[in-house]
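The values are calculated or read from the model by the stated rules, or taken from the named source; none is laboratory data. The structure presented is a predicted model; accordingly, all values stated were derived computationally and were not measured. Surface accessibility is based on the protein's heavy atoms, side chains included, excluding ligands, DNA and RNA. Shrake-Rupley method; radii C 1.70, N 1.55, O 1.52, S 1.80 Å.
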Amino acid sequence: MSGVAGPRYLVAFGPTRVPHWFTDVLVLGGGLAGLRAALAVDPRLAVLVVNKDDLNESSSQWAQGGIAGVVDPEDRFDMHVADTLKAGGELCDPAVVEGVVREAPDRIAELIGWGTQFDLRDGGLDLGREGGHSHHRIVHALGDATGREVMRAVIERARATPNIEVWPETFTIDLVTHEGVCRGALVWHPGRGKTMIWARRTILATGGAGQIYRESTNPAGASGDGIALAWRAGAAVRDMEFMQFHPTVLYIAGGSRSLITEAVRGAGAHLVDRDGRRFMPDFDARGELAPRDVVSRAITEVMRRTAHSNVYLDLAHLDAAMVRHRFPGMAKLCRKFGLDLSTDRIPVRPGAHYMIGGVVVDDRGRTTVPHLFAAGEVTSSGLHGANRLASNSLLEGLVYGSRAGELAGCEAGEDAAAAFDEPFAVPQIGQPAAEEPTEGPPGEALDLADIRNSLRSLMWRQVGVERSGESLEEAAQTVAGWCRYVLPRQFTNPQGWQLQNLLEVGRLMIEAAAARRETRGVHVRSDFPATSDDWRQHLCWQRDRAEPWSVPVAAAAAEAVSTAGPAGGDCRPAGSGQK
Ligand SMILES: Cc1cc2nc3c(=O)[nH]c(=O)nc-3n(C[C@H](O)[C@H](O)[C@H](O)COP(=O)(O)OP(=O)(O)OC[C@H]3O[C@@H](n4cnc5c(N)ncnc54)[C@H](O)[C@@H]3O)c2cc1C
């Protein structure tokens with residue numbers, strides 16, 4: 001990897017300088033994937049969930065459209081599989097897709113069993129349809145606030161589970177490794193300072209990295225921490241060039257960049273240009289329901305052609321009462337800006353939405369670092385390929401959270417039963433306090449907000465919906481310059497650590513986007529507009545390997561984990577039907 005390698009750990013610490021905490025399973029991140037993982041752990045084991053915000057702040061909470069799953073008797077697994085593979089630009093792992101799609105009905109039923117109130121119609125689930133889906137198969141709740149309702153039920157379930165303890169407002173600074181094995185994490189709380197948490201097994205579920213772009217639908221916490229800290233710990237990451245842009249993000253000066261769910265287009269909304277002309281049929285026969293990358297590209301092209309900063313969603317031809325009933329949250333938000341969702345044209349443009357690349361996991365959630373698992377948006381599991389199909393990500397979090405929690409718990413339980421307590425023997429590791437900046441006077445204050453804003457603008461301009469070798473080269477040089485004086489510093493609070501994580505992730509994304517000399521899925525190279533069979537492979541990166549390595553599609557996750565990672569036992573809990 002070219003550029004500047006930062007230190008292994010972001011801050012100084014040592015076994016004699018920080019308090020210690022011991023748990024069987026440590027879950028980092030309290031979104032849907034993390035809580036689902038915690039709930040899957042054997043209830044006889046101690047589980048600690050560490051979350052940097054309160055549990056109500058996560059992408060999972062913000063999810064709107066819903067969860068995809070074959071629950072309608074008229075629908076079929078092979079159709080959901082085919083839709084996922086088609087959207088994924090020939091980079092999905094077909095076995096992974098098949099496994100996740102087949103598990104969806106059980107995971108949805110389980111949520112209902114835990115009290116989630118999905119929207120109903122005529123006594124059955126009211127199924128929505130979104131871009132790229134060939135059938136109505138999206139379960140949703142509270143109209144367009146699915147995440148809020150699902151998380152309410154899952155948080156209540158976690159709180160009622162005696163072996164699960166949650167530490168909110170606690171920031172994970174780094175994973176702790178010893179002799180290549182994950183031993184837990186170093187965390188920080190504003191009142192308690194740093195704590196070393198020693199765990200038999202650790203599950204990373206810290207979500208995405210959308211905040212690396214100026215225009216983003218993601219909450220403030222989506223700063224790529226998990227990818228950066230797994231990378232520093234030596235885990236393999238993959239497909240970092242694939243950031244999905246959501247085509248329709250509300251674009252009103254001074255307003256939040258709220259996503260306008262795909263379901264609005266599913267319900268029949270049109271996309272029109274500044275002159276009110278509907279344009280999607282010119283780009284794709286599926287019109288407004290084409291996959292997100294196609295719609296994002298079309299909008300970018302129309303904005304360029306019309307020299308206008310946005311396009312518009314037009315719902316005026318739909319039944320106004322249906323619009324207000326089906327999309328109450330969106331209607332309320334529009335009203336705040338004097339717009340009526342059912343009659344006015346709503347200004348929208350694309351924004352960074354979903355990080356497709358991430359930490360490599362196999363089909364049971366194991367990363368390449370022994371004793372470290374991962375689930376949810378922080379991972380690259382092989383489900384999404386080069387482009388995620390709408391509403392498949394909450395599903396992925398549920399499926400992989402469940403698998404990772406079950407296996408991590410099973411392995412931790414076996415260690416506990418065998419009185420194998422090495423994970424709790426505190427080794428002499430740490431980072432010396434004497435590390436000084438390589439450039440610039442020690443301790444000189446940096447305007448962190450300025451660097452963060454500059455990075456986000458740069459990523460939007462140079463590494464956005466369309467990239468070129470030239471724009472990526474310029475971005476790489478600028479980010480390398482920032483890394484040189486920001487990464488070696490030791491900060492004392494999350495603002496600094498998040499900036500360091502954003503820079504690490506930005507560097508990886510730029511390098512990966514420059515390496516992939518083709519257009520595929522959400523990665524659009526204006527200088528290589530064609531998709532090439534030669535590039536039908538994943539690009540993997542690891543901190544201690546100078547160059548990326550490529551892995552063919554089907555074998556990708558299993559091969560990456562088995563060649564670079566843990567031996568992997570065969571812990572299968574009794575009665576588990578899962579792979
Ligand atoms: C506006 C919006 C709408 C969406 N709509 C849908 C939809 O309808 N259907 C769908 O399938 N997907 C949707 N998505 C995507 C989906 O919500 C996410 O992919 C999914 O929720 C990710 O779940 P997760 O558990 O992996 O991460 P998250 O839900 O983001 O949870 C990660 C948690 O980790 C915590 N964390 C992060 N870093 C640290 C750290 N350093 N230390 C401690 N804690 C940390 C965060 O605070 C957060 O609570 C949407 C996303 C957005 C932003």
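Here is how the numbers come out for the structure above:
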| item | result |
| --- | --- |
| Size of segment 139-236 as Cα extents on the principal axes (Å, biggest first) | 49, 40, 29 |
| Nearest 10 degrees, 0 to 90: helix 494-515 Cα axis against the chain principal axis | 70 degrees |
| Rounded to 10°, Cα long-axis angle of helix 448-462 versus longest principal axis of the chain | 50 degrees |
| His317 accessible area, assembled protein chains, probe 1.4 Å, Å² | 100 Å² |
| Solvent-accessible surface ranking, highest first, for Glu110, Glu241, Glu156 at 1.4 angstrom | Glu156, Glu110, Glu241 |
| Ranking by accessible area, most exposed first, for Ser134, Ser457, Ser223 with a 1.4 Å probe | Ser134, Ser457, Ser223 |
| Crossing angle, helix 77-87 versus the chain [Cα axis fit, 0-90 degrees, rounded to tens] | 90 degrees |
| Aspartates and glutamates with Cα under 15 Å of Lys336, excluding same-chain neighbours fewer than 8 positions away | Asp344 |
| Amide hydrogen neighbours beyond the local backbone of Val166, cut-off 5 Å, H modeled | Val49 |
| Bins of 20 Å, starting at 0 and running to the largest distance - Cα pair percent for the chain | 22, 57, 20, 1 |
| Sequence-distant residues sharing a close amide H with Phe22 (under 5 Å, placed H) | Trp198 |
| Solvent-accessible area per residue for the chain (1.4 angstrom probe, square angstrom) | 36 Å² |
| Rounded percent of accessible protein surface that carbon and sulfur make up, the chain, 1.4 Å probe | 50 percent |
| J(HN,Hα) series, segment 138-151, from Karplus relation 6.51 cos²θ - 1.76 cosθ + 1.60, nearest Hz, glycine and proline x | 9, 7, 9, 9, 6, x, 10, 10, 4, x, 4, 6, 4, 5 |
